[in-house]
Structures are given as C-alpha cells and as structure tokens.
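Scroll down for the structure; my scribbles are underneath it.
The values are calculated or read from the model by the stated rules, or taken from the named source; none is laboratory data. All values derive from a computational prediction rather than experimental measurement. Every residue, glycine among them, receives a Cβ derived from its backbone with ideal geometry; neighbour counts consider all protein chains shown.
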C-alpha cells in the first residue's frame, strides 16, 4: 500500500475531537439503522453498486446502489423534495458547485460527518463533507514516446500541437470551466510563471488573468473535444494510433492499459501534472432512513468501504486510508504535483461558469 501523502500533509491542520469521537456509538447507530426502511444510495460511478452490496452484507441492511450522472442526481433529489416524495437517501455528487447551490443551500440535502471521523478528515473537507478527490491527469502515448513530449501546459497552445490535444468539451463537462475559475482564483501566479518559463518572457495580455489567456489560447488551438474521458483515452492511448495526442483524463482510465492501452502520465508537466476534483457525500433531508444513511456515510469513509473506488486512483479524504499499490496509473507518486480544488470557493465557480464558457466558445471560434 502507498501512503496517501497528499492528505497526510494536511494532518497538522486537523483539530483534535477526541471527546466527540468518544460520544459516537457505532453499535447504537447500527441497531437504529436496522429498524429503518431499505437504503438507496446514488453516485456517478458504477462501483457504488459493489459498495452498496458490501455494506448490505456487512450490516444486514437492504441497500441499493445506483449509478447516475451528477446533473440527473441533482434533478432527482430536487424533484423528490418538491413533490414531498423522497426516495433517495445518500447522494454522492462530483458537481460540487451545483450541489452547493442547488442542494445544500436549499436544504434539500444535509452534510453529516461522523464524530469519530472528524480528526481523520482535513478541515477543508469536513463541511460540506467531501468523501474523495479524483485525479485528472495530463497523459501521453507510451508506445509513441519514451517520455511525455510536453513539459509545460503553454506548449499545448503552440502551433505544433494544434488539433492534437484531446479533452472533454468544457461546454458539456463543467468540471473544466470550474477548474478554469479555480486556476484564476487560486493558481493564477503559477499559470503566469509557467508562461514565462516556456517563452522566456513575462505574459502580457488584455484579458483578466493569466488563466484567461491560457484558456483562450488553448481553445484557439482547436483541441479534439470529446464526450467522455473514455474517448480521450482512446484518442491518446490507442495501441495502433500513429498520431501523437496529449490528453487530460481521469486516472481511472489507466485501468485500460491491461487491455492494451498505452497511457502514461505527463509527470514533467508544469505548473501541474493534473488536478484533483472533489465529491460531496450528502444525506437527503427527507430520508426515512436517517440512521442507515449515517451508517453508510461512515462506511464510505473507511478503507473497507472506499476500496472499490480506491483501486481506480480516487483518493479518500480520510488520511488513514491509502492508495492501493496496484492502482494502475501510478498517480500516487505525483500527488504533490496536482492542483487541489478548493471547495470554499465552489459558489464562485458556479457563478462564473457562463463567463468561462463564453470565453472558451469565442476563442475556439477565433473571435478573440
């Protein structure tokens, strides 16, 4: 097992809550949960089915896990709540800005952190509770290259790579416009420094930030836009391809290397090798199984409960949990090179989505 170093670095920021932990009674929670109706849990990964089944077997509580996209998940909870007919109990959602505004702020869901887990979860991930962070990484084809042919994100805006960057369409996958805003708010100096490192001169731009300049340049270089990370993986890592593509995708797609894909992490990329995006885990306010829901949240924060997702490189926010050594991408060696999402400014990401979408669309159309 490989130590979760990214989360371990945050231990010093944790507050001791031993008294609260002593008040937490797992046995009492289990007994109360067993007296409640069956549990329904929802997540955007199919692994939730395996996790729900394992939870049901462990505790003898009938539980159904369902894969559902983040937008549909939010729509479902909103519709159930407005109809006063809540059927969902625990929802795990990767669209953090939308969940913050449309579910938590409206009171349709609540955040719950088991008291015995408080000193294991970094402060910035406690309220609302973030269950995991998932890596998306710059990637290349290992059959066509001895190492990543690009070492700076600004190189992707050069004519050499025009039409040869693969990525999900930011107009359809909002995590990318959210990341643009995160870069501008928290990492803009890094983006500007990377420009100077690549071109040997300071960035001059009429746009609002170095990030905006990068986004416009990247869009104008006509990347290959896809509907999914799987399509990015195919464009970049197909074993029979003759074209060199650099792509950004979930580290989970590296599991396809065992089926012949040729994916490698661009571990020399500056200013970041990739990003970590969070998932909120929430309990619906109208659940009729509140104790079972709390028990499931507790289970998902344990190494046992999270294991099916950990193997894909998703990182538990519990600092005691570890990334399996057999995780296929090797992302554990590069955690300190990943930009980390700051949930505290997720509402700003929500408010700015249209602005970033407009910038991307105008630049791609050559209108900037």
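Structure notes:
- Filtered residues of the stretch 176-201 (kept if without any contact (Cβ under 8 Å) to a residue 40 or more places away in the chain and either surrounded by 16 or more Cβ atoms within 10 Å (Cβ to Cβ) or in contact with a helix residue (DSSP H, G or I) (Cβ under 6 Å, 6 or more places away or on another chain) (or both)): 176, 184, 188, 192
- Set 48, 74: member being in contact (Cβ under 8 Å) with a residue 24 or more places away in the chain, in contact with a helix residue (DSSP H, G or I) (Cβ under 6 Å, 6 or more places away or on another chain) and either assigned to a loop (DSSP other than H, G, I, E, B) or not assigned by TED's automatic domain parsing to the domain that holds residue 252 (or both): 74
- With respect to the conditions (1) surrounded by fewer than 18 Cβ atoms within 10 Å (Cβ to Cβ); (2) in a helix (DSSP H, G or I); (3) more than 23 Å from the chain's Cα centre (by Cα), residue 101 falls short on a single one, namely (3).
- Selection from the stretch 153-171 of residues that are more than 22 Å from the chain's Cα centre (by Cα) and buried (at least 16 other Cβ atoms within 10 Å of the Cβ): 154, 155, 156, 157, 161, 164
- Residue among 223, 128, 170 that alone is touching a strand residue (DSSP E or B) at 6+ places or on another chain (Cβ under 6 Å) and not assigned by TED's automatic domain parsing to the domain that holds residue 93: 223
- Filtering 286, 330 for residues that are surrounded by fewer than 23 Cβ atoms within 10 Å (Cβ to Cβ), in contact (Cβ under 8 Å) with a residue 60 or more places away in the chain and closer than 30 Å to residue 238 by Cβ leaves a single hit, 330.
- Residues of the stretch 310-326 that are part of a loop (DSSP other than H, G, I, E, B) and either in contact with a helix residue (DSSP H, G or I) (Cβ under 6 Å, 6 or more places away or on another chain) or surrounded by 21 or more Cβ atoms within 10 Å (Cβ to Cβ) (or both): 312, 313, 314, 317, 318, 319, 320, 321, 324.
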